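The structure under discussion appears below in the form of structure tokens.
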Amino acid sequence: MELVGSPLTSTFAHPRSTPASFLPAISTMASSYKNRFPYYPLTQNFSLPWIPKAYYKAAAINPTLAPFSKSSQGSTPSKGLPFLSNRTTLFTRYTPEDWYRSNLTNYKESETCRQNAERLRADTSRLIQDKYQQTVKTQGESTKNLGVRVNDIGFWKSELCHELDEMIGETNELTDVKKRLERALAETEAPVQVAQECLLHREKRMGIDLVHDDVEKQLLTEVDVIKSCQERMQQHLDRAKAQLATNRAAQHELERDLANKQVAHRIDDKCHHLRNTSDGISYYRGVERVDATISVPESWAKFTDANILRSQSERAASSRLRNIIENLMVETANEMWSQFNKGNIAFSNRIAETADAKSKLQTHLAKTLQEIFQVEMNIEAIRKAIRDKAPPLKVAQTRLDARTQRPNVELCRDPAQLRLVNEVHEIDETIQSLQQRLRDAEDTLQVLVRAKSVLEHDIVVKANSLFIDQEKCLGMRKSFPSTTRLLGY
């Protein structure tokens with residue numbers, strides 16, 4: 001059974017055969033062959049074969065003296081080297097000069113090889129030392145640059161934190177002011193409804209009291225003032241909502257930039273503290289050819305500076321708007337209270353005028369009633385006087401009628417006759433004058449009764465107006481919100 005992750009080869013359902021020969025052990029290799037070649041990163045198009053069996057295997061060749069031993073074993077001493085006795089028959093190939101010259105040549109070549117080796121060792125030692133110093137210097141410069149980068153990130157991170165705290169504080173303050181403005185705007189609904197209800201109630205006045213007086217003018221002005229204040233407050237409320245949205249957008253950019261700075265600070269600080277003996281270091285071949293950067297130090301600093309400048313600009317605009325809203329709430333509260341007081345003063349004056357008019361009407365009604373009583377008494381006296389004139393008239397007429405019964409010459413127009421005739425005429429004139437006076441008195445009584453009814457109706461109208469203005473309107477206007485409530489507290 002193959003292990004997971006092990007290279008798979010085609011076995012064609014047959015077991016693997018053990019290879020006849022293996023690579024030589026590392027310990028058997030000469031030390032000069034270890035790490036002979038320097039490290040070079042592999043290119044992308046160069047890839048190792050997947051199957052380990054595809055590697056070439058080094059053959060272990062162990063030189064032996066088998067041919068010589070076999071030949072020596074199979075030969076006899078007689079077939080070997082010639083005996084010393086046959087030395088005169090050998091041919092000499094070199095002379096002693098050749099032998100000395102060969103030795104000198106070997107000495108010189110050996111010395112030259114040693115000198116080259118010594119120079120190579122010296123150059124190699126110097127190169128190793130130089131490269132070591134260069135590597136240490138480069139690593140130190142990289143560590144220093146990373147430290148500078150960590151300090152730069154820390155500086156901008158502190159600036160972002162400070163600006164973010166300021167923006168959060170400004171946003172919270174603007175949110176509080178917006179809530180106060182919403183409460184103040186909600187508080188204006190009751191006063192405008194009260195003013196409109198007062199106008200509707202005053203439409204229920206009767207008769208002559210349906211006058212476009214100063215109270216009605218002040219109530220109409222009060223409605224206009226409150227609605228104007230509501231419009232301005234609604235406009236600034238919309239501006240506050242839009243400013244809060246821009247504040248949150250700037251805050252979001254700051255938070256995102258700060259989060260990126262924190263991640264970068266953590267990574268660069270970790271890189272700054274990495275050493276050659278640190279844990280977790282490893283090869284990442286080809287990483288130096290990967291350029292994943294999207295900014296340069298200038299654009300990097302400009303990006304954060306632009307975020308901070310935008311936040312500062314929005315914060316300044318938010319502070320100005322907050323001050324404008326504060327002043328607006330104070331201004332609208334003063335305007336509404338001023339108009340409310342003017343309306344109350346107009347109500348008080350109108351109520352005083354109506355009460356005075358009602359009092360005068362009641363006085364005139366009392367006098368009229370008294371006069372009606374006197375006129376009625378006078379009418380009764382006239383009627384009695386007319387009734388009292390009936391007996392004298394009857395007496396005079398009876399006398400005249402009786403005297404017409406006198407005979408002949410006795411029908412004399414004597415003073416008595418003349419006086420009786422004059423008496424009848426006088427009594428008739430008296431009765432006619434009394435009857436005329438009775439008619440005049442009755443007409444006067446009718447006028448007085450009509451005036452009485454007018455006064456009574458006017459008193460009822462004034463009482464109704466007083467009830468509307470004093471009880472209904474002023475009773476409702478007592479619920480006008482206070483200044484602190486109109487300021488949103």
Restricting attention to region 169-197, the residues that are surrounded by fewer than 19 Cβ atoms within 10 Å (Cβ to Cβ) and small (Gly, Ala, Ser) number exactly 3
Right, Ser453: of a type in the set (S, T, N, Q), farther than 25 Å from Ala390 by Cβ and in a helix (DSSP H, G or I) or not?
-> yes
Going by the structure shown, is Met476 part of a helix (DSSP H, G or I) and in contact (Cβ under 8 Å) with a residue 40 or more places away in the chain?
-> yes
Mind checking which pairs have a first residue in region 433-452 that is of a type in the set (Ser, Thr, Tyr) and a second that is in a helix (DSSP H, G or I), Cβ under 6 Å, 6 or more apart or different chains?
-> Thr444/Val375
Checked Ser348, Ser338, Ser319 against criteria (hydroxyl-bearing (Ser, Thr, Tyr), surrounded by 10 or more Cβ atoms within 10 Å (Cβ to Cβ) and within 22 Å of Ala250 (Cβ to Cβ)); the one match is Ser319
Could you list all residues from region 399-414 that are surrounded by 12 or more Cβ atoms within 10 Å (Cβ to Cβ) and assigned to a helix (DSSP H, G or I)?
-> Arg399, Leu400, Arg403
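Every residue, every condition in (1) at pLDDT 95 or above; (2) surrounded by 13 or more Cβ atoms within 10 Å (Cβ to Cβ); (3) more than 30 Å from the chain's Cα centre (by Cα); (4) assigned to a helix (DSSP H, G or I), yes or no:
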position: Leu219; (1), (2), (3), (4): no, yes, yes, yes
position: His252; (1), (2), (3), (4): yes, no, no, yes
position: Glu288; (1), (2), (3), (4): no, no, yes, yes
position: Ala292; (1), (2), (3), (4): no, no, yes, no
Of the residues in region 121-150, those that are hydrophobic (A, V, I, L, M, F, W, C) and open to solvent by less than 90 Å² (accessible area, probe 1.4 Å) come to Ala122, Val136, Leu146, Val148, Val150
List pairs: first in region 351-379 and open to solvent by less than 70 Å² (accessible area, probe 1.4 Å), second acidic (Asp, Glu), Cβ under 6 Å, 6+ apart or cross-chain?
-> Ile351/Asp469; Leu361/Asp458
Taking the condition over 30 Å from Cys198 (Cα atoms), free of Cβ contacts under 8 Å to residues at least 60 places away in the same chain, buried (at least 16 other Cβ atoms within 10 Å of the Cβ) and polar (S, T, N, Q), does Gln417 pass?
-> yes
How many residues, within region 198-217, are part of a helix (DSSP H, G or I) and open to solvent by 20 Å² or more (accessible area, probe 1.4 Å)?
-> 8
Residue check for Lys227: open to solvent by 30 Å² or more (accessible area, probe 1.4 Å), in a helix (DSSP H, G or I), under 30 Å from Arg310 (Cα atoms) and charged (D, E, K, R) = no
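For (1) within 20 Å of Gln370 (Cα to Cα); (2) open to solvent by 30 Å² or more (accessible area, probe 1.4 Å); (3) part of a helix (DSSP H, G or I), each residue gets a yes or a no:
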position	(1), (2), (3)
Ile427	no, no, yes
Arg437	yes, yes, yes
Thr444	yes, yes, yes
Asp469	no, no, yes
Pro481	no, no, no
Gly488	no, no, no
Search result, residues across region 271-281 that are open to solvent by less than 80 Å² (accessible area, probe 1.4 Å), assigned to a loop (DSSP other than H, G, I, E, B) and not aliphatic (A, V, I, L, M) = Ser278, Gly280
In region 257-270, anything without any contact (Cβ under 8 Å) to a residue 24 or more places away in the chain and open to solvent by less than 50 Å² (accessible area, probe 1.4 Å) is listed as Ala259
Regarding Ile386, is this residue open to solvent by less than 90 Å² (accessible area, probe 1.4 Å), part of a helix (DSSP H, G or I), farther than 30 Å from Met206 by Cβ and touching a Leu at 6+ places or on another chain (Cβ under 6 Å)?
-> yes
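The values are calculated or read from the model by the stated rules, or taken from the named source; none is laboratory data. Note that the coordinates shown come from a computational prediction; the quantities given were computed from them, not determined experimentally. Methodologically, a virtual Cβ is constructed for each residue, glycine included, from the backbone with ideal geometry; neighbour enumeration extends over all protein chains shown. The accessibility values were calculated without ligands, DNA or RNA, using every heavy atom of the protein model including side chains. Shrake-Rupley method; radii C 1.70, N 1.55, O 1.52, S 1.80 Å.
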